[in-house]
Amino acid sequence: MTAGRWERVKVAFEEARTLSGAARQQYLHSLTASDPEIAEELRGLLAAYGESESFLATAGMHDAIQTDLAEAGLTLMGRHLGAYRVTRLIGVGGMGEVYRGERDDGEFQQHVAIKVVRGATSAFSVARFRAERQILANLSHPNIARIYDGGTTDAGEPYLVMEYIEGQRIDEYCTSRNLADAERLRLLETVCGTVHYAHQHNVIHRDIKPANIMVGEDGAPRLLDFGIAKLLGQEDPAGRTVTRERAATPAYASPEQLRGDPPAPASDVYSLGVVLRDLVPGERRLDEIVRRATHPDPAQRYATAAELAREIKRYLNPAGGSAGRRWTWRRAVLWLAGGAALFGLVVVAALAFGWFSQPGSESLRGVPLTSAPGQELEPSLSPEGNHVAYSWNGENQDNFDIYIKLIGPGPPLRLTTDPANDSSPAWSRDGRLIAFLREMPGEKAQIIIIPSLGGPERIVGEVLRWPKPGLFYPGPHLTWSADGKGLIVSHRQTAQEPFALYYLSIDTGQLRKITNPPGYTSGDTAPALSPGGRTLVFRRYTGFAAGQLYGQRLDERMEAQGAPALLTPDGISAASPAWTPDGREIVFSDGYYFDPGLNRLTLPWLGIGTARQESLRLPGAFVTTSLLAQRLVYASTLLDTNVWEIRLSGKAGDSSAVILLSSTRLDSGGQYSPDGKRIAYLSQRSGSAEVWVCDRDGKNAFQLTSFGDTGGPRWSPDGTEIAFLARFKGLEKIYVVRSNGGAPRQLTTGPGRDHIPSWSLDGRFIYFRSSRSGDYEVWKVPAAGGPEVQVTRSGGELALESPQGVLYYSKRSGDDWSLWKRSPDGEESQVLPSITFQTNFYVTSTGVYYTPHLPDGGTAVDLLRFADGKIETIAALPKPIWFGLSVAPDERSILYSQIDREESTLMLVDRFR
């Protein structure tokens with residue numbers, strides 16, 4: 001069976017496990033009709049793994065069993081088992097309990113772990129436990145937990161006394177210490193060597209997973225739990241064939257293990273490969289090692305665990321060449337060169353374009369599907385993949401309506417014509433209906449369904465809506481349930497709470513809440529339901545235009561089962577998830593509001609392990625896939641922002657604006673230096689968002705940082721340093737760098753995300769926004785480094801001091817930002833109810849300059865004067881505003897950023913797999 005077919009079997013297995021009785025039989029019947037080979041393999045797996053209705057009923061009693069075990073365990077507290085006294089219950093599992101104990105015979109002191117199996121009083125169970133004891137006794141290795149003693153309790157239940165290891169499971173150890181990839185790989189290299197030692201002694205572990213690898217306080221990994229281990233060629237105790245003994249963890253078990261085949265070293269190699277994938281996710285140069293270790297055919301894997309350890313070592317010491325690189329080099333040369341004569345040219349090209357270190361997805365190519373002016377957004381492919389629905393703001397870019405386009409040449413069909421904005425189209429799974437949102441006054445939206453070929457509209461509900469369509473808050477904001485009886489839609493009860501996902505019944509219009517996002521987030525949207533209809537993936541906004549993907553299991557009533565699982569790491573902006581037809585992967589966009597790119601996320605099977613991410617090397621956002629066809633559609637977007645300067649004549653209302661800093665990429669956030677002679681700003685002209693510095697006239701620009709993703713530059717009062725945000729190694733922290741260049745130093749170190757720095761007027765402190773307390777608040781830290789102190793308690797963003805000693809700060813108010821002040825005695829009050837962005841205000845001795853929202857949808861630069869409290873319009877702005885505002889020291893000019901181009905067209909990828 002190929003790797004692709006095996007992945008389909010695993011997905012089918014996961015879906016079947018959630019069903020029972022007639023529902024499971026119907027699922028198997030449908031699968032048999034569409035793919036009899038997969039169905040036959042699935043039936044074998046369900047039988048081998050014991051997944052019958054009786055098993056599911058037993059699984060439903062899991063909580064009760066756990067409680068019984070815990071209560072029973074209390075009876076052993078303080079008791080003696082041989083020379084050891086039980087002191088504490090460590091853990092409870094389906095097989096029994098593990099206790100901490102201490103030697104109590106006066107010979108010497110020793111802490112131990114005591115493993116007791118409950119209910120294992122039969123002769124067969126005792127014999128099986130003695131077999132594990134013998135296996136451990138045969139192994140003497142520093143990275144395998146040692147066995148000291150064993151026996152049976154007064155109740156006849158077997159126990160083992162083992163080495164007690166103070167530490168953490170390997171994945172938690174790596175995460176809590178933020179270990180680099182190389183350190184993680186060295187740990188696993190040691191584990192591979194340990195497994196090879198066990199194999200040399202004819203012992204197959206059969207349950208290798210992070211939970212069974214403990215890293216002690218000495219930093220050494222130790223392999224635990226040989227409870228289902230086997231000796232090669234060993235008969236089961238009492239000459240019996242075991243069909244219902246404890247199974248291996250499915251997410252880490254090899255195909256042959258799940259089928260119940262005889263144990264072999266290749267099964268442990270497979271499990272090690274899965275652990276490798278989980279410990280170092282997203283490192284594409286390891287993909288070939290993982291692929292070989294987890295090949296469905298045992299003969300195609302590494303022959304031994306030692307060979308896998310050597311491959312990891314070669315990866316860590318690239319002088320010998322890693323497996324991933326050697327494989328990619330060989331393929332690139334053979335495929336492209338076709339002969340030795342072209343070898344040199346191909347090697348040069350490969351080095352130049354990074355082929356050797358990028359062995360990810362096969363090359364995909366997007367071709368234009370639409371080409372109209374303006375913004376074509378939120379595509380939704382029909383189930384059969386022949387049509388795409390999308391929203392477009394029209395020839396005049398003044399109103400979004402829903403359109404349908406046949407894949408291929410020809411004009412689109414306009415489905416709606418209402419003067420209000422229509423967005424977030426979504427096809428029902430039978431292809432007959434399209435649901436969408438229609439903007440209403442008061443931040444509301446109607447939920448409407450319409451026949452996919454046109455016809456009467458039907459209003460089925462009403463919600464509070466996200467802002468109008470665009471790159472800032474990308475949808476879609478709704479999707480259909482699998483049975484077509486309801487919709488999952490983003491909604492909130494009040495403007496003060498974050499958006500959550502709700503289930504809307506089409507028949508009754510009733511809304512039922514599914515997710516509960518934290519208050520410091522903007523909320524949840526972009527719902528995507530798995531092909532089986534029981535797993536929901538969505539985007540949780542963690543900041544403006546930033547967010548991660550979460551996965552939520554659902555029951556048959558579309559209610560949440562447990563807490564959602566984080567699927568993507570911090571430091572990225574994941575949006576618009578879409579499932580692949582096999583339900584195994586998610587395609588999504590990443591890249592904040594500039595240069596988004598498409599990625600593929602391979603989900604952990606059965607919810608165990610770590611998701612893997614790889615780039616599809618397609619620039620775009622708003623991705624959609626078809627459930628039946630191998631097609632993918634996405635929006636190719638263009639966002640061009642530039643820094644403009646308003647020059648004031650000194651006469652009221654007399655000003656002119658000129659473009660000062662521009663490129664074909666993002667330029668924003670310009671800040672005058674304290675002497676007014678230089679400007680620091682954010683630019684993507686080098687390929688990534690970095691801090692740049694130039695002269696006052698925009699000339700002599702040079703790049704100051706090289707982090708790959710920075711923001712918010714702010715000058716120190718003496719002009720010698722610049723503080724900024726850097727997203728680096730998954731963290732978002734404040735850094736400081738000399739304004740004429742040099743090595744940046746990290747300033748903030750606490751938990752959470754740290755953004756938007758600003759200096760106190762005396763230069764002693766740097767204010768910043770942080771999420772470490774749960775909500776975003778203003779904190780401050782000494783500019784030279786030191787303790788980080790919380791300033792606000794009810795929300796805060798950018799903070800700026802005034803010469804009068806008042807601290808002005810922006811604060812999130814629903815989807816908007818308001819401006820507040822804090823007097824030197826700590827009294828807080830609102831200054832302005834609304835400003836465009838949290839960074840779009842600036843404090844001088846005269847007053848507060850800011851950009852307000854205007855009734856016609858435009859904006860301007862206004863001044864709130866300290867002297868009389870009056871507001872004066874300094875300049876009207878012709879185009880949409882962007883982040884950042886700065887006023888020159890002489891208050892004769894103002895820097896601001898605006899969106900000069902915002903466009904998007906739809907692209908098609910055929911034969912997407």
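The table below lists the values:
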item	result
Residues of the stretch 787-799 satisfying the condition of being without any contact (Cβ under 8 Å) to a residue 40 or more places away in the chain and either crowded, with 24+ Cβ neighbours inside 10 Å or over 31 Å from the mean Cα position of the chain (by Cα) (or both)	GLY796
Conditions (1) crowded, with 20+ Cβ neighbours inside 10 Å; (2) in a loop (DSSP other than H, G, I, E, B); (3) among the polar types (S, T, N, Q); number of the one not met by SER140	(1)
Residues located in the stretch 344-381, provided they are farther than 25 Å from GLU903 by Cβ and either in a loop (DSSP other than H, G, I, E, B) or modelled with pLDDT of 95 or more (or both)	GLY354, GLN358, PRO359, GLY360, SER361, GLU362, SER363
Residue that is modelled with the lowest pLDDT [pool: residues in the stretch 648-669 that are assigned to a loop (DSSP other than H, G, I, E, B), closer than 13 Å to ASP900 by Cα and not basic (Lys, Arg)]	THR664
In the stretch 489-527, residue modelled with the lowest pLDDT [restricted to those that are touching a His at 6+ places or on another chain (Cβ under 6 Å) and within 12 Å of TYR541 (Cβ to Cβ)]	THR525
Qualifying residue in the stretch 513-520 (condition: buried (at least 20 other Cβ atoms within 10 Å of the Cβ) and either out of contact with any strand residue (DSSP E or B) (no Cβ under 7 Å at 6 or more places or on another chain) or in a strand (DSSP E or B) (or both))	no
Qualifying residue in the stretch 734-751 (condition: within 26 Å of THR568 (Cα to Cα) and touching a residue at least 60 places away in the same chain (Cβ under 8 Å))	no
Counted residues, the stretch 670-691 - those being part of a strand (DSSP E or B), of a type outside the set (Ser, Thr, Tyr) and more than 27 Å from the chain's Cα centre (by Cα)	5
Residue list for the stretch 415-446, filter: in a strand (DSSP E or B), touching an Asp or Glu at 6+ places or on another chain (Cβ under 8 Å) and not acidic (Asp, Glu)	SER423, SER424, PRO425, PHE436, LEU437, ARG438, MET440, LYS444, ALA445, GLN446
Meets criteria (out of contact with any strand residue (DSSP E or B) (no Cβ under 9 Å at 6 or more places or on another chain) and assigned to a loop (DSSP other than H, G, I, E, B)) for GLY796	no
Residue in the stretch 187-207 that is hydrophobic (A, V, I, L, M, F, W, C) and assigned to a loop (DSSP other than H, G, I, E, B) present	no
Single residue of GLY455, GLY442, GLY410, GLY385 found to be surrounded by fewer than 18 Cβ atoms within 10 Å (Cβ to Cβ) and either closer than 16 Å to VAL633 by Cβ or in contact with a strand residue (DSSP E or B) (Cβ under 7 Å, 6 or more places away or on another chain) (or both)	GLY410
Residue within the stretch 533-542 that is surrounded by fewer than 22 Cβ atoms within 10 Å (Cβ to Cβ) and modelled with pLDDT of 95 or more present	no
The stretch 491-512: number of residues that are in contact with a Gly (Cβ under 8 Å, 6 or more places away or on another chain), on the phi < 0 side of the Ramachandran plot, surrounded by fewer than 16 Cβ atoms within 10 Å (Cβ to Cβ) and not acidic (Asp, Glu)	2
Strands (runs of 3 or more DSSP E) lying entirely in the stretch 871-913 (those with 1 or more residues that are under 21 Å from GLN375 (Cα atoms))	881-887, 893-910
Sole residue being surrounded by fewer than 20 Cβ atoms within 10 Å (Cβ to Cβ), of a type in the set (Ser, Thr, Tyr) and farther than 25 Å from ARG764 by Cβ, chosen from SER823, SER802, SER818	SER818
Residue that is hydroxyl-bearing (Ser, Thr, Tyr), in contact with an Asp or Glu (Cβ under 8 Å, 6 or more places away or on another chain) and within 25 Å of GLU721 (Cβ to Cβ), where the choices are SER802, SER810	SER810
Counted residues, the stretch 738-764 - those being surrounded by fewer than 20 Cβ atoms within 10 Å (Cβ to Cβ) and not in a loop (DSSP other than H, G, I, E, B)	3
Odd one out for GLN613 among (1) assigned to a strand (DSSP E or B); (2) at pLDDT below 85; (3) more than 21 Å from the chain's Cα centre (by Cα); (4) not acidic (Asp, Glu)	(3)
Which numbered condition ARG79 misses (of (1) farther than 26 Å from VAL195 by Cα; (2) at pLDDT below 70; (3) basic (Lys, Arg))	(2)
Residue check, ALA372 within 26 Å of THR525 (Cα to Cα) and in contact with a strand residue (DSSP E or B) (Cβ under 8 Å, 6 or more places away or on another chain)	no
Restricting the stretch 688-737 to residues that are under 15 Å from SER758 (Cβ atoms) and among the aromatic types (Phe, Trp, Tyr), the residue that is surrounded by the most Cβ atoms within 10 Å (Cβ to Cβ)	PHE724
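The values are calculated or read from the model by the stated rules, or taken from the named source; none is laboratory data. Keep in mind the model is a prediction, meaning the values are calculated, not measured. Here Cβ is always computed from backbone atoms with ideal geometry, including for glycine, and neighbour counts include all displayed protein chains.
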